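First up is the structure itself, then whatever we jot down about it.
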Amino acid sequence: MEVIQSFTIDHRHLKPGIYVSREDQGFTTFDLRITEPNQEPAVAPAAMHSLEHLMATWFRNSRAKDDVVYVGPMGCLTGMYVIMKGNYSVEDMRRLTIDCLRWILTQTEVPAASPESCGNYLLHDLPMCLWESRRYLHRLENDFHCEYTKLRVTLDDGRVFADA
Ligand SMILES: [Zn+2]
């Protein structure tokens, strides 16, 4: 098995921000990195689940809705993937995400948190979701990172960790 592209990014030098992790066949995968991997606590599962419902709801109703292919959490719980069709830059995605987070901060309930529309409707935590959203918004507005580190490391077994 080959190491897939996203595992070749050195996760020891990733700051919260927004990164392009893949561009292929007219689709762009954005990594909305919310916490610093292995340095800060990851987002708690229930808060991440609520964030997924809220972000997906906003993106699929947004000015970019026709281009939104997928919104879903990273398995490591440090961020969210958003896959877009067409030409979107990191700055476009930053503006969209800032508007999304501002909307989330006005919400008083999690959409579709019911047994009919969710596979685990009790696994939600709106207060922690709002806390994470507030911190991530502050980071996108004041301390924005979007460039992978230029560090390039080759491990003994030949794997190369590189900038994008
Ligand atoms: Zn759900």
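The values are calculated or read from the model by the stated rules, or taken from the named source; none is laboratory data. Because the structure is predicted, anything quoted here is derived from the model rather than measured. Cβ sites come from the backbone with ideal geometry, for glycine too, and all protein chains shown count toward neighbours. What goes into the accessible areas is simple: the full protein's heavy atoms, side chains included, and nothing from ligands, DNA or RNA. Shrake-Rupley method; radii C 1.70, N 1.55, O 1.52, S 1.80 Å.
When the solvent-accessible area of the chain is split by element, carbon and sulfur atoms take up 51 percent of it, the probe being 1.4 Å.
Ranking of Met1, Met128 by solvent-accessible surface, largest first: Met1, Met128 (1.4 Å probe, protein heavy atoms only, all chains present). Expressed as an acute angle from 0 to 90° and rounded to the nearest 10, what is the orientation of the C-alpha long axis of helix 45-59 relative to the principal long axis of the chain? Approximately 80 degrees, to the nearest ten.
Over the chain, the alpha carbon radius of gyration divided by the compact-protein estimate 2.2 N^0.38 Å works out to 1.05. Answer with one residue from Phe144, Thr29, Thr8: the one whose Cα lies farthest towards the positive end of the charge dipole of the chain, charges on Cβ with Lys, Arg +1 and Asp, Glu -1. So the residue furthest toward the plus end is Phe144. The residues Trp58, Trp131, sorted by heavy-atom accessible surface at 1.4 Å with ligands and nucleic acids left out, run Trp131, Trp58 from largest to smallest. Dipole check for the chain: with +1 at the C-beta of Lys and Arg, -1 at the C-beta of Asp and Glu, and the Cα centre as origin, the magnitude is about 300 Debye.
The relative contact order of the stretch 1-132 comes to 27 percent, based on Cα pairs under 8 Å that sit 6 or more residues apart.
On C-alpha positions alone, give me the angle between the axis of helix 126-142 and the longest principal axis of the chain, in degrees, nearest 10. Value to nearest ten degrees: 50. Placing pseudo-labels 7 Å out from each Cα toward the beta carbon at Ile98 and His11 gives an inter-label distance of 2.9 nm. Going 7 Å from the Cα of Tyr121 along its beta-carbon direction, which residues of the stretch 57-95 have the amide nitrogen within less than 20 Å of the resulting point? From the stretch 57-95, the list is 57-58. Could you give the angle, 0 to 90 degrees to the nearest 10, between helix 90-104's Cα long axis and the longest principal axis of the Cα atoms of the chain? Long axis of 90-104 versus the principal axis of the chain: about 30 degrees.
Summed over the residues of the stretch 5-161 and divided among them, the accessible surface reaches 54 Å² per residue at a probe radius of 1.4 Å.
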